[in-house]
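The values are calculated or read from the model by the stated rules, or taken from the named source; none is laboratory data. Just so you know, these numbers come straight off a predicted model, no measurement behind them. All Cβ positions, glycine included, derive from the backbone under ideal geometry; neighbour counts span all protein chains shown. In case anyone asks, the SASA skips ligands and DNA or RNA and just uses the protein heavy atoms, side chains included. Shrake-Rupley method; radii C 1.70, N 1.55, O 1.52, S 1.80 Å.
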Amino acid sequence: MPEREIDFNMQNETVEKVPKKGPEVSRELFGGVLDFDAAGHYPGLELLNFIYCGEGEDLLPVGDVVKIKRRSHDFGRRLVWDSSFKQDSRRHDVLLDDVAAEETLRELLRCLQLEIPSGTKEPKWSRAHFFPYTPSLIHWDARERYGSIRLERLYLRGGGALAFKILRSDQDTPRLQRIREGFKQLYSATLESPLEILAGFINQQSKRDEHLVPDDIEKTTRANIDEFEDIYRNGILNILEQEGATSVAKIRAVMGWTGLWLVLMQNRRARQNLSIEESPIICDCGAGSPQLRRVSQRCLQDTLGNIVSAVVKAEPNVANAQRNKIRSFFWATAAANGFLNAWRGRKHFTLSVDALEMIVLATIPTGSEMPYERFVTDVLYGRLGIAVGRGAAEASGLVNSIDASLFEENEAQLALQMIAAGLVTQYSDATRMVSPVAAS
């Protein structure tokens, strides 16, 4: 009897020493699973799967458990990116025996590929996803195992599930309802389009769930952690309600805004976990200053270091590979969405035209405009924590260590880029206005 007691206590002690895995640590720190394999554009694609492949007509349902009906689009993806698909029996059942027609369809579908920023060669079909131009192009992860197609997470690992949880857990009921309505209208112009009809037909030939399945990852994510989540919700609402924007522009903005917000949130919550004073992300907008470039590079390294330190603080025994996956989610997602200068080599924070268009759509309501100086100080710095101009540098104390004139030149360079992109209208030397018209 005593011997059994000792064994039992030893078993308990052993269980208590098992380190938390990367997904558990990520949920603890950031609310959801942030993983390098799921970086880039994948959180946005995962979000759209939850919204448009769910149960019933309520696109943002309440309740503890969310059920979705996953679809693989393996027929179309394998037709384009799998040479062995020629032996698939469905090919002969669906496609006419016309080589030219098949090649035309293959090239059409190839043009629908979701960008893979790190891609240097032809991807495997399971790595290649379609951009969700129409609702029937929205699809889940899948791969071939043991001779059959399996629907399972490869790249849609939880970032989009976290964004979905944040949206559907909104305690501002009027805003929640407006976002629901915005998503209902998002694809209204494409429902009868030839592309949607073709995608729907191809989708019918593919592996998909016969019944709704509960999603355990979304269930374990946490929302309403801090007020920064309202920045994300307001951004999604602004994007969806942009009257002059096309559906494609809105879809790109929803996906880009989701990725950008996740990395900004990751930075903030890592610092909070370490009790480090808030400091802005410093963007080099191409003014040509070596000093500002070095400061921005150092800012990136500090940010990545803080994420690692927060992970180690939460779980000292976390495996290095899992720690690095959480860290790499930040830079890979930032790079894919135009917040870093490159995917490889020496990296620093910047703002691409695509990133600026998405930020403008997300932060300036439809039909309105904002003075450029206010946009740089109140929106980029005040809301998002991004330092570009002198106002941000002064407010954050950066001018104590960096010459303020560098930020003035940086702000001027960003204005030139936004004017060239049509995001800023210059009415006079003293009046420059930012509006979402060109971003539409």
What number of residues in the stretch 191-238 are under 22 Å from Tyr133 (Cα atoms), assigned to a loop (DSSP other than H, G, I, E, B), acidic (Asp, Glu) and in contact (Cβ under 8 Å) with a residue 60 or more places away in the chain?
-> 1
Taking Trp331, is it under 17 Å from the mean Cα position of the chain (by Cα), modelled with pLDDT under 95 and under 30 Å from Leu29 (Cα atoms)?
-> no
Report yes if Ser309 is modelled with pLDDT of 95 or more, out of contact with any Gly (no Cβ under 9 Å at 6 or more places or on another chain), open to solvent by 20 Å² or more (accessible area, probe 1.4 Å) and among the hydroxyl-bearing types (Ser, Thr, Tyr), otherwise no.
-> yes
For Met358, the lone unmet condition from (1) out of contact with any Pro (no Cβ under 7 Å at 6 or more places or on another chain); (2) surrounded by 15 or more Cβ atoms within 10 Å (Cβ to Cβ); (3) part of a loop (DSSP other than H, G, I, E, B) is (3)
Out of (1) touching a residue at least 12 places away in the same chain (Cβ under 8 Å); (2) at positive phi, the one Thr431 does not meet is (2)
Which numbered condition Arg78 fails, given (1) of a type in the set (Lys, Arg); (2) open to solvent by 30 Å² or more (accessible area, probe 1.4 Å); (3) touching a Phe, Trp or Tyr at 6+ places or on another chain (Cβ under 7 Å) | (2)
Of all helices (runs of 4 or more DSSP H) completely enclosed by the stretch 43-133, which ones contain at least 1 residues that are more than 25 Å from Trp331 (Cβ to Cβ) and without any contact (Cβ under 8 Å) to a residue 24 or more places away in the chain?
-> 89-94, 99-110
Which of the residues belonging to the stretch 315-355 are over 14 Å from Ala253 (Cα atoms), small (Gly, Ala, Ser) and either touching a strand residue (DSSP E or B) at 6+ places or on another chain (Cβ under 8 Å) or crowded, with 16+ Cβ neighbours inside 10 Å (or both)?
-> Ser328, Ala332, Ala334, Ala335
Of the residues that sit in the stretch 178-197 and are in contact with a Leu (Cβ under 7 Å, 6 or more places away or on another chain) and open to solvent by less than 80 Å² (accessible area, probe 1.4 Å), which one is farthest from Ile239 (Cα to Cα)?
-> Arg180
Being surrounded by fewer than 22 Cβ atoms within 10 Å (Cβ to Cβ) and outside any loop (DSSP other than H, G, I, E, B) is the filter here, so list the residues in the stretch 136-153 that pass it.
-> Arg143, Glu144, Arg145, Ser148, Ile149, Arg150, Leu151
Would a scan of the stretch 378-401 turn up a residue that is more than 22 Å from the chain's Cα centre (by Cα), surrounded by 18 or more Cβ atoms within 10 Å (Cβ to Cβ) and of a type in the set (Val, Ile, Thr)?
-> yes
Pairs with Cβ under 7 Å, 6+ apart, first in the stretch 364-387 and touching a residue at least 60 places away in the same chain (Cβ under 8 Å), second open to solvent by less than 10 Å² (accessible area, probe 1.4 Å) and polar (S, T, N, Q) | Thr366/Gln242; Arg383/Thr363
Subset of the stretch 394-425, residues of a type in the set (A, V, I, L, M) and part of a loop (DSSP other than H, G, I, E, B), comes to Ile402, Ala421, Leu423
Please give the number of the condition Glu277 fails out of (1) over 18 Å from the mean Cα position of the chain (by Cα); (2) closer than 15 Å to Val379 by Cα; (3) open to solvent by 30 Å² or more (accessible area, probe 1.4 Å).
-> (2)
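Residues are listed down the side, and each one gets a yes or a no for (1) touching a helix residue (DSSP H, G or I) at 6+ places or on another chain (Cβ under 9 Å); (2) open to solvent by less than 10 Å² (accessible area, probe 1.4 Å); (3) over 19 Å from Ala163 (Cα atoms):
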site: Glu210; (1), (2), (3): no, no, yes
site: Asp230; (1), (2), (3): yes, no, no
site: Arg252; (1), (2), (3): yes, no, no
site: Leu260; (1), (2), (3): yes, yes, no
Would you mind finding the one in Leu60, Leu47 that is within 30 Å of Ala342 (Cβ to Cβ) and at pLDDT 95 or above?
-> Leu47
